[in-house]
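Student: Pasting a structure below so you can have a look.
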């Protein structure tokens, strides 16, 4: 994981991949948004060459469990205005990336519990348009969307996330505690 965190240059995240949409919608996350197991997430105060689908799998090195902690009020305001918002299992350890369980619990209660089988756009279909707009390099990460249940996280919340295979064997686990960020930027919609 440490090597991944040093080498990766960007997160490419897919939005609305679990609801009907005519085309994949993607956005970037900064590498500063990485967190290791047992770390803390600060909660702010409101804030190439085209790869063909047929060849996309050869560009995938593995699959990761990640949590997108987007500042929802800023994202919602950008959407209203029509603006954009912007331990890893090895590939050979996952027999079918399109049938993985994804679960998020906050303070022990399930908030998200879905499967990648429900994705509208499969991974090769996502890689093709992303690579037509930006260069994807070794170490880059594409977040493929999230099952229903996205909601707020408050300071003091304990968050537990799991990625599991179709036999419910845990492939990756991410646990962290949310804390209030001291100072910094505060987004206030107009």
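What follows is calculated from the coordinates using simple rules that are stated; it is not laboratory data. In this text the structure is predicted, and so the values were computed from the model without any measurement. Virtual Cβ from ideal backbone geometry, glycine too; neighbours counted across all protein chains shown.
Student: Using a basic spin-label model with each label point 7 Å from the Cα along Cα→Cβ, how many nm lie between residue 158 and residue 98?
Tutor: Going by the 7 Å Cα→Cβ label model, 3.8 nm.
Student: Compute the distance in nm between two label points, each set 7 Å from the Cα along the Cα-to-Cβ direction, one at residue 169 and one at residue 125.
Tutor: Here the answer is 2.8 nm between the modelled labels.
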